[in-house]
Each structure stands twice: as C-alpha cells, then as structure tokens.
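First comes the structure, then the notes that go with it.
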Amino acid sequence: MRQLIVSFIVVLTGVFVVDRVGGLCMGWVNQHTSDITAPKIRYLVNDVDEDVVLMGTSRCNFHYVPSIISDSLGMSVYNGGIDASDNIFAHYWVLSQVLSHHTPKMVCLELMDNDYKIQSNPFNTISFFAPYYGYDERADSVFRLAGTHWAYEVSHLYRYNAKAVSNLAGLLVNRQANEDHGYLPGPEPVRFPDELEYDETRTDADSLKLVYLRKFISLCEDRAIRLVFMVSPRYSQVGMDKYDVLKAVAAEHGIPFFDYHTRGLFLNHPEYFKDVAHLWDKGARAYSAIFAHDLLLSFEMPSLSRKKALSFRRE
C-alpha cells in the first residue's frame, strides 16, 4: 500500500512538472508566433492604445481597413476583430481586457445574428482566449460562465490547447507580413459567389446574450466611450426585420446602428466577395471608405435625433 501511494505521488508530481514546463514552453510560443490570431489577441491584451478600436469576429477582421478609416476620422484606428470568435461573449472578453489598461475614445462593434440567436454551444471558441486566463477578473468571468475555468485553473498547458498547432506553425510562417493595424488583407478568391441567397431572420433570442450585450454597452458608458454598432455587407438578401432584436437594444441606449447588409450594399458587386459572408481586400477597401465617410458624417449631424441616426447609411 505504501509503495502504491509513493508511486501515485511520483506520477502526480511528474504530471504537474510536465504541465507547468509545457505551459511555460507554449506560453513562449504564444508570445512569439506570427500566426493570424495570437499576435492580435496579444496586442489587445497588452499594448493597444489607438483612439478607435474595432471589435467583432471574422467579418470585422476582414472588412475594415484601419488606415482608410483613420485618414477620414483623423484618429488612430486598430482592427481588433478576432477570426471565429463567434459572438458577444468573446467581444465582452476582448473589451474587458482592453479596458484593463486603455480607454479608447470610440469602440465600433461589428454585429451579426450570432450575437442574439440561440446556439447549441455559444462558448465554442472562447478557448482562443484561455492563454490569458488570470489576467483580468472581469474577462475571466466569461470562462466561469462557460464552465471551463476549472480546467484552466488545474492545467496551465491546457490553456494553449485551442491554438497549439496554428501557433507552432506561426513560428515557421509569418502570417503578419501585410498587417495594417490589425487588418490582414484577404487574397482574391479563385471564384466569386455566383448565387444570391436569402438569409432568413432568426427570432430565437438568447436572453443571456442580450444581457452581455447590455453589459458591453455599460462598460463603454461607464468610461464615456462612444459606441457604434455596424453590420457590414454580405452577399445575401434579408428581410427588413433581420436585425430588429439588436436594433432595439441600440435604440434603447441611443447607439448609432449602421446596417449595410439589410439594404444590400455591394449586391451588384459579387467581385468584392471571397465568399457569401466575407469581403476580400478589394471589397474591404471600398467598404471601409464608405463606412468611414458615414461615420464621420454622423459626427457632423448634431441636428439629427439619435433615433434617426440609428439606421443612417450612405446610399
């Protein structure tokens, strides 16, 4: 029995040492990789200091060119969109980390129906941020909400599981070569979308997501940060009620809502899209110029009521 206990302690100690050493090694990889996601999260957590921070998932990541927007606004701009970050829980985590060391003048949040609709696993991609578990209590609350915090408490190595392969590959291949303040230009696709689909309106709202959308808003209000919501173009048609759930929250708080999807911006330009949901670099540059113009114009229209400004866009 004594020998069994000793063996158990030795094995447990070995596992602990391997976990901690492995965690240190993967931590070094995470800090030095040139993959797509890790350098951006690293910058948002530690160094972002721009006046305007854009947030959202892949549609933010690929649709907004900071240099174009910065030229129009006369402010520094960073594209903090995280590819595949999925919904408002991830955006809340990012904002919490940014506010732990920096208060931007403006936050522009790219929204989609994932930010309100019911999903089978709304925390599917929150593990992308696990390397920074323990950095900020408010951000960590998302892991507790997801029920994954205990795994990151026990294992330091497991925190790097979600992006281990891509981070290791990023030591060999530099994916940041054409980076523009967080924006990585998408290459021209081999084939553009050729079929215009109809995107059904989802009415199954997740009440917890709406709670966190309001928590996101409150964090900005508490710091006197100007908050803007936007929905960028997709190569699909939608009903006028597509984003009513999100627009209602925006109206409740007087937040401008720029909706380019419902009105069908670029539906006559399939060559701007790399797939149904995403623009490539040519489309992103055309769209960024329009968005920057509209955003600047909204600053210069104080006579407009805030409610009228919610759906403002350039035709």
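Bear in mind that the values in this text are calculations on the coordinates, not laboratory data. Keep in mind the model is a prediction, meaning the values are calculated, not measured. Here the Cβ is made from the backbone with ideal geometry for all residues, glycine too, and neighbour counts use every protein chain on show.
Taking amide H as placed 1.01 Å from N in the peptide plane, F273 has its amide H under 5 Å from the amide H of W280, each at least 5 places away in sequence or on another chain.
Residues considered: D115, D199, D49. Largest GNM mean-square fluctuation over the chain, using C-alpha springs under 10 Å, is found at D199. GNM, the chain, Cα, under 10 Å: largest mean-square fluctuation among N114, N79, N30? Greatest mean-square fluctuation among the candidates belongs to N114. Among Y132, V238, V53, whose Cα sits farthest toward the positive end of the charge dipole of the chain (+1 at Cβ of Lys/Arg, -1 at Cβ of Asp/Glu, about the Cα centre)? Farthest towards the positive pole: Y132. Here the 3J(HN,Hα) profile of the stretch 227-244, calculated from phi with Karplus coefficients 6.51, -1.76 and 1.60 at θ = phi - 60°, is 10, 10, 9, 8, 10, 7, x, 10, 8, 7, 8, 9, x, 5, 9, 3, 10, 4 Hz, Gly and Pro shown as x.
Pairs spanning more than 30 Å between alpha-carbon atoms, out of K117/K163; K163/K247; K247/K274; K40/K105; K40/K274; K242/K274: K163/K247.
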